[in-house]
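Please read the structure below before turning to the comments.
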Amino acid sequence: MAENRSMHWLEMAEYDIESARVMQNGGRYLYVGFLCHLTAEKALKAVIARDGTIPLKTHTLARLAELAGLIEILTDTQKILLNELHPLNIEARYSAYKDKIAAILNHDYCEKLIERMEVFLLWIKQQL
């Protein structure tokens, strides 16, 4: 049962990173950022669920990394990535923040963001 829960979250994370690539190809950069955040969130929840734990309903990546028992082994690069992704979830949905976030999400930035997320997702799989 625990493995099923963990695999469920991991499959959803993989779907989201694939969807981010589709959005990238279509020039929908705000959604690339949003989907990269979802990828990280669901990947971290896969680690939390590996022992059968039901992950909290939170979108805070640092908190999820802590609950997953990964906060101490995250590299500085991974911590920077999670901090960079944080505002791309909730704040990207609200017009007060949307324009500010959209201004940084261009083709090159999003391409690199997806690549960094793919590396992070591979690392998460190694933790499972």
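The values are calculated or read from the model by the stated rules, or taken from the named source; none is laboratory data. Just so it is clear, the structure is predicted and the values come from calculations on it, not from any experiment. Glycine gets a Cβ as well: all are built from the backbone with ideal geometry, and neighbour counts include every protein chain shown. Heads up: the accessible areas ignore ligands, DNA and RNA and are worked out on the full protein's heavy atoms, side chains in. Shrake-Rupley method; radii C 1.70, N 1.55, O 1.52, S 1.80 Å.
Measuring with a 1.4 angstrom probe and ignoring ligands and nucleic acids, residue 59 comes out at about 80 Å² accessible. Ordered by 1.4 Å accessible area with all protein chains kept, 118, 66 run largest first as 66, 118.
Note on residue 18 and residue 103: the extension gain reaches 28.3 nm, defined as 0.36 nm multiplied by sequence separation minus the Cα-Cα distance. Taking a quarter of the surface of the Cα convex hull of segment 1-95 gives a mean projected area of 6.2 nm².
Restricted to Cα atoms, segment 50-128 shows a radius of gyration and a Dmax of 14.1, 40 angstrom. With the whole protein complex present, residue 6 retains an accessible surface near 10 Å², based on a 1.4 Å probe.
If I take R0 = 22 Å and measure r between the Cβ atoms of residue 128 and residue 59 in this structure, what FRET efficiency does the formula 1/(1 + (r/R0)^6) give, to the nearest 0.05?
Details: r = 21 Å, r/R0 = 0.96.
Result of the calculation: an efficiency of 0.55.
In this model, which of 45/125; 45/79; 42/125; 79/112 are farther than 18 Å apart at the alpha-carbon? Present the calculation step by step, with values, prior to reporting the outcome.
Details: 45/125 12 Å; 45/79 16 Å; 42/125 12 Å; 79/112 16 Å.
Distance filter (> 18 Å) returns an empty set.
For chymotrypsin sites (Phe, Trp or Tyr not before Pro), the sites in segment 48-128 that DSSP calls loop and that have at most 11 other Cβ atoms within 10 Å are 94. With θ taken as phi - 60° and the Karplus curve 6.51 cos²θ - 1.76 cosθ + 1.60 applied, the whole-hertz 3J(HN,Hα) list for segment 36-43 is 5, 4, 4, 4, 4, 4, 6, 5 Hz, x standing for glycine and proline.
Across the accessible surface of the chain, with the other protein chains kept in place and a 1.4 Å probe, carbon and sulfur atoms take up 54 percent.
Net charge near residue 106: determine it from the other residues with C-beta under 13 Å of the C-beta of residue 106, scoring Lys and Arg +1 and Asp and Glu -1. It would help to have the intermediate numbers written out before the result.
Working: positive: 28, 112; negative: 108, 111.
Every neighbour counted, the sum reads 0.
Of the residues 57, 112, 100, the one that moves most in a GNM of the chain with alpha-carbon contacts below 10 Å is 57.
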